[in-house]
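First up is the structure itself, then whatever we jot down about it.
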Amino acid sequence: MADKKTFYITSPIFYPNANPHMGHAYTTLLCDILARYHRLSGHDTYFLTGTDEHTEKVIQAAKEHGQEPEKYLETIVARFKDLYASLDISYNQFIRTSDKIVHWPGAIEMWKG
């Protein structure tokens with residue numbers, strides 16, 4: 001079907017330096033509403049969300065909690081995913097910028113141009 005439209009949407013890719021809050025829920029829920037609308041309209045739809053884990057604030061927050069960044073991130077990212085599950089967010093992909101299997105190869109390819 002050459003005339004079938006594709007709709008891509010991404011929520012902000014949040015810094016997981018603290019627990020998710022109303023702002024995270026609100027913006028991601030708005031993206032979810034748009035994604036669902038486009039799916040119902042017959043468009044191929046791809047909804048991406050996730051976390052940007054390479055920030056000084058994440059390292060600082062982990063230190064404040066007496067944890068290594070990787071351990072701290074596992075807990076906080078799980079809370080983001082739990083929030084989205086409780087809101088029935090219909091994302092296609094949850095990206096973590098620390099993911100060396102999916103994210104890093106794609107980012108490298110993009111920057112190669």
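Run the numbers on the chain and let me know its relative contact order in percent, using alpha-carbon pairs under 8 Å that are six or more apart.
Relative contact order, the chain: 32 percent.
Between T6 and Q67, the contour length at 0.36 nm per residue exceeds the Cα-Cα span by 17.8 nm. Straight-line reach from K63: taking Cα to Cα under 20 Å and skipping same-chain neighbours fewer than 8 places apart, the lysines in range are K71.
Between F94, P16, L34, the Cα set farthest toward the positive side of the dipole of the chain (charges on each charged residue's Cβ, about the Cα centre) is that of L34.
If only the Cβ of Lys and Arg carry +1 and only the Cβ of Asp and Glu carry -1, the dipole of the chain around its Cα centre is close to 220 debye. Other residues within the sphere of radius under 14 Å centred on the Cβ of F47, judged by their own Cβ, net out at -1 (K and R +1, D and E -1). Between D99 and Y46, the distance separating the two model label sites (each 7 Å from Cα on the Cα→Cβ line) works out to 1.3 nm.
Here, each number is a calculation from the coordinates, and none is a lab measurement. Because the structure is predicted, anything quoted here is derived from the model rather than measured. For neighbour counting, all protein chains shown are included, and Cβ atoms are generated from backbone atoms with ideal geometry for every residue, glycine included.
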